[in-house]
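Below you'll find the structure, written out as structure tokens, and then a few comments.
The values are calculated or read from the model by the stated rules, or taken from the named source; none is laboratory data. Everything numeric here is computed off the predicted structure, so don't read it as measured data. Quick reminder, even Gly has a Cβ in these numbers, built from the backbone with ideal geometry, and neighbours come from all protein chains shown.
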Amino acid sequence: MSNFNFIEAKKQTMVENYRLMVASISPRPIAFVGTKNNFGQDNLAPFSFFNGFGANPPIVGFSPALSGRTGKPKDTLVNIIETKEFTISVVSHSIANQMSLSSCEFLSDVDEFEKSGLTKEKSKLIKPCGVSESPVIFECKLIDIIELGGKPGSGNLILGEILAFHIKDSIIDEDGSIDEKSMNLIGRMGYGNYADAAKSMFTITKPKHIGVGFDAIPNKIKESRYLNGNQLAKLASVKEVPIDANLINDSDEKSLFIECAKKLDSDDIDNAWQIVFQIIRNE
């Protein structure tokens with residue numbers, strides 16, 4: 001019996017689908033998008049349906065939805081259609097509330113930089129400005145706009161090529177790479193919630209080889225209530241199953257499983273496999 005609630009999207013309202021999506025696709029990076037219209041009026045707005053889509057050429061995309069009430073496009077979309085260029089500034093914790101303030105539905109002739117108290121960072125290759133307080137800014141030219149429905153609440157996927165990067169000196173480490181913790185970025189979640197990336201960041205070592213896979217783990221080990229999926233994945237990530245060293249341990253089965261879990265949590269995978277062999281031998 002499934003433990004999922006089955007919900008057909010077509011039987012729900014746009015608002016109901018939206019609420020499920022933003023709570024489930026979470027956390028999401030935030031594109032703080034700067035544009036100008038043909039008259040030079042600046043606009044700034046945040047969008048969390050945003051990501052990167054390739055590096056050769058470097059492509060980013062975000063999706064400003066049509067108004068759920070009126071079906072009208074946002075100023076950001078109108079401006080990009082007119083000028084074919086925009087900036088994306090990433091959002092750190094230090095400007096979170098200013099970013100939120102800029103999302104108010106100001107009139108088209110209102111400058112959100114001024115309303116939110118943020119500083120304009122002039123671009124080198126395009127006209128729209130970025131956010132000076134942001135740790136990273138992309139200068140982008142429009143590649144394509146894909147209309148996704150044309151109804152109230154429908155998205156418009158804007159794809160742009162990054163022409164230039166602006167990287168704050170303060171976030172570059174000794175190796176010349178970006179220190180992600182020092183960026184202190186936030187992510188959008190459902191409803192009014194946000195995630196603090198620096199506080200929740202962790203590292204997973206990517207396998208340098210093809211792992212043996214879950215099918216190489218004995219069923220007794222996979223079906224145990226003492227090891228979770230992450231721990232089992234570490235057993236499955238070895239290039240080949242180690243040789244049984246026939247170690248002897250008089251501990252009971254529960255204690256052996258607990259010790260195996262500790263070894264896996266500390267990335268001592270070889271010794272965790274030796275405990276696996278002991279558990280199987282004791283059957």
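Can you confirm whether region 35-44 contains a residue that is over 24 Å from residue 119 (Cα atoms) and over 25 Å from the mean Cα position of the chain (by Cα)? No - not one qualifying residue is present in region 35-44. Taking the listed residues 110, 90, 131, 78, the one that is on the phi < 0 side of the Ramachandran plot and within 17 Å of the chain's Cα centre (by Cα) is 90, with no other qualifying.
Entry remark, region 235-271: residues being over 15 Å from residue 205 (Cβ atoms) and small (Gly, Ala, Ser) number 4 in total. How about region 133-147: which of its residues are of a type in the set (A, V, I, L, M) and surrounded by 14 or more Cβ atoms within 10 Å (Cβ to Cβ)? Once the filter is applied, which keeps residues that are of a type in the set (A, V, I, L, M) and surrounded by 14 or more Cβ atoms within 10 Å (Cβ to Cβ), region 133-147 yields 136, 137, 142, 143, 145. Among the numbered conditions (1) over 18 Å from residue 73 (Cα atoms); (2) out of contact with any Lys or Arg (no Cβ under 6 Å at 6 or more places or on another chain), the only one that residue 145 does not meet is (1). When the residues of region 234-258 are filtered to those that are out of contact with any Pro (no Cβ under 7 Å at 6 or more places or on another chain) and among the hydroxyl-bearing types (Ser, Thr, Tyr), the one that is nearest to residue 222 (Cα to Cα) is 255.
Looking across region 175-199 at every residue that is of a type in the set (Ser, Thr, Tyr) and either at pLDDT below 90 or out of contact with any Gly (no Cβ under 9 Å at 6 or more places or on another chain) (or both), the one that is farthest from residue 30 (Cα to Cα) is identified as 177. The residues in region 41-61 that are touching a residue at least 60 places away in the same chain (Cβ under 8 Å), surrounded by fewer than 13 Cβ atoms within 10 Å (Cβ to Cβ) and of a type in the set (Gly, Ala, Ser) can be counted, and the count is 0.
Only one entry of 204, 269, 275, 258 meets the criterion of being among the aliphatic types (A, V, I, L, M) and buried (at least 18 other Cβ atoms within 10 Å of the Cβ), and that entry is 275.
With the structure loaded, tell me whether residue 81 is under 19 Å from residue 154 (Cα atoms), assigned by TED's automatic domain parsing to the domain that holds residue 149 and either in contact (Cβ under 8 Å) with a residue 60 or more places away in the chain or surrounded by 14 or more Cβ atoms within 10 Å (Cβ to Cβ) (or both) or whether it fails that test. Answer is yes for this residue. Looking at region 1-119, the strands (runs of 3 or more DSSP E) lying wholly inside it that each contain 1 or more residues that are farther than 24 Å from residue 149 by Cα and of a type in the set (D, E, K, R) sit at 31-36, 42-47. Evaluating residue 104 against the criteria (1) in contact with a strand residue (DSSP E or B) (Cβ under 9 Å, 6 or more places away or on another chain); (2) within 21 Å of residue 134 (Cβ to Cβ) leaves one unmet condition, (1). In region 258-273, the residues that are among the basic types (Lys, Arg) form Cβ pairs under 6 Å with partners that are in a helix (DSSP H, G or I) and surrounded by fewer than 21 Cβ atoms within 10 Å (Cβ to Cβ), at six or more places apart or across chains, as follows: 263/271.
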